[in-house]
Structure formats: C-alpha cells, structure tokens
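Here you go, one structure.
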Amino acid sequence: MSVRPIARWLCALALLAWWAASCAAPAGAAPGSDERTLTVFAAASLADAFTELGHQLEAERPGLTVRFNFAGSQQLATQIEQGGRPDVFASAEERWMAYASDRHLLSAEPMVFAHNRLVVIVPKTNPARIGRLLDLARGGVKLILAADAVPVGRYSRTVLQNLSLDPSYGSDYAKRVIGNVVSEEENVKSVVGKVQLGEGDAGMVYRSDVTPAVARRVRVLEIPDAANVLASYPIALVEGAPAPAAARAFIDLVLSPEGQRVLERRGLIPVSVATP
C-alpha cells in the first residue's frame, strides 16, 4: 500500500474519532449534562409523591428521563445487592437502608426525608362489620398484612404488640389478630388492592396509601397515637450510580421545601415544613 492511501485512511479514522467524541461530550458541557436517564428504586408507598417529583425534575432538566422501580424495600435492597444499578435508593424503613450500607452499596450517607403512620382499612361494604380495632381479633375475620420482611409488615406487627400492652385489648390481642391473617403481601400496594377488591376484611397500611381514589372504596380505622409507629424514610445515592449528578439533583429536590410540600400533600409527614 502506498503512503498516500494510508494517510487518507488515518485521516478518516481521526475524523471519525473526533465526530464520536463530539457527539458523546460536546465542548463546554457541564459535568453530568450527558446524563439522560435517572433510575430511582423507591418503596411502593412513595409511588404517587415520587412520580410527581420525577415529572418536576424532568421539567427542570430538559432531556432527562426519570424512571422508577416501585416495590417493597426488601426487594429493592436485594435487587441492588444482586447487581441492579439504580442511581437512588429510597426505603420505607432504615433497616433495609442499613442492609444496603453494610454491603457497601451506597456512596453517600442516607438522609431521612419523610415519615408515615399506619391506619387500618376495611372495604366500603364492610362485610365483616368491623367497627373498631378490637374486632380484628374476632374469629373468622380475614386480615391482609404485608410480610414481616416488608417495612409496613414489620410496623404492623409492632402496632399489634403495642395494642396488646393496653388492658382493654388483652395481652393475647396480637396473637389472636395474627391468627386471622389470610395473606402476607410483598408490598403495601398489594395490601391496599386486596382490601379494595374485598379479598380481605381488613388490612393495615400507611396513611399516605389512602389516596382520594382509595378513600372512595374503603373505610379507615385510626390507630391510637400511643400504639402507632412513626415510620422513617431514608434516601441515598447508590454506589456506582450511572447518573450521579441527576441523582443528587433528585435527592436535593426531595429534601427541598418544595419537595417536602409535595410529600405532605401526598399524605406523608415531611421532616421539614416550609414556611410560606
């Protein structure tokens, strides 16, 4: 081969490399500006609030797509451990965030961004005629709870144990109620769905899960504050996040006064209430 064809070939390769580099990272682009997809793994109870915040972030950062994986916190932590590559992890319980931290799956210290409390729901038709928490221990009642590994499932069992300390419920109250469990679900949305469909006479869920649409199909029994729990929701950047800049922007939005207002409007308890 002569020198001239070789020179032309090398020149063509150089031009191709320059074009590829220009497309991948335009000159003067800010760090993270080539991030086009943000992936967030979040507890199922955050679906409504986080979807709204995701749309808001997309509006603020044109070209960004925010994708969510909503499931039980235990499922999400396990998925990350097994090689899932989200940018952000938001759990409904500090237990599963600690699980991820202990396995070096996080690149930043988790921060609690919201709280929640529990309520009992029954179908609107209320076929079991449940009118008070004591009725959950009555024979024949079909109760739907989340599994113990699920945050809301663990919280539910704590509430039942707390009620058992009240003499008006009896020390065996929790045992009798657990004896009525006919299904243990993998996330809180499944508990809500089964109660709405009448597959159970009652279920224990987060207050934030009783959205206006759900409220039309269920009745709510309040749990006394002395027996209720205050669920904590931590959020963190995941180790090796493909879109770290967008991830930090989402976390900042969640923690911002504006983000806290969205959480509060969606039924969660914000860690900080913005002043008007």
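Find the residue count for region 85-100, including only residues that are surrounded by 17 or more Cβ atoms within 10 Å (Cβ to Cβ) and either within 23 Å of Ala147 (Cα to Cα) or of a type in the set (Asp, Glu) (or both).
Going through region 85-100, the residues surrounded by 17 or more Cβ atoms within 10 Å (Cβ to Cβ) turn out to be 86-94, 96-97, 99-100.
With the extra rule that they be either within 23 Å of Ala147 (Cα to Cα) or of a type in the set (Asp, Glu) (or both), the set shrinks to 87, 89-94, 96-97, 99-100.
Residues meeting the conditions: 11.
When you scan region 128-160, how many residues do you find that are open to solvent by less than 20 Å² (accessible area, probe 1.4 Å) and of a type in the set (S, T, N, Q)?
1
Output the number of residues of region 78-137 satisfying the condition of being more than 21 Å from Arg157 (Cα to Cα), of a type in the set (D, E, K, R) and in contact (Cβ under 8 Å) with a residue 60 or more places away in the chain.
Residues flagged as more than 21 Å from Arg157 (Cα to Cα), of a type in the set (D, E, K, R) and in contact (Cβ under 8 Å) with a residue 60 or more places away in the chain within region 78-137 amount to 4.
Right, another one. So, in region 161-188, exactly how many residues are within 30 Å of Asn69 (Cβ to Cβ) and surrounded by 20 or more Cβ atoms within 10 Å (Cβ to Cβ)?
3
Does region 103-111 contain at least one residue that is open to solvent by 50 Å² or more (accessible area, probe 1.4 Å), among the basic types (Lys, Arg), over 29 Å from Leu143 (Cα atoms) and out of contact with any Ser or Thr (no Cβ under 6 Å at 6 or more places or on another chain)?
yes
Which residue pairs have Cβ atoms under 9 Å apart, sit 6 or more places apart or on different chains, and have a first residue in region 181-195 that is touching a residue at least 12 places away in the same chain (Cβ under 8 Å) and within 19 Å of Leu46 (Cα to Cα) and a second that is of a type in the set (Phe, Trp, Tyr) and surrounded by fewer than 21 Cβ atoms within 10 Å (Cβ to Cβ)?
Every condition considered, the pairs that remain are Asn187/Phe70; Lys189/Phe70.
The values are calculated or read from the model by the stated rules, or taken from the named source; none is laboratory data. Remember, predicted model here, so these are calculated numbers, not experimental data. Virtual Cβ from ideal backbone geometry, glycine too; neighbours counted across all protein chains shown. What goes into the accessible areas is simple: the full protein's heavy atoms, side chains included, and nothing from ligands, DNA or RNA. Shrake-Rupley method; radii C 1.70, N 1.55, O 1.52, S 1.80 Å.
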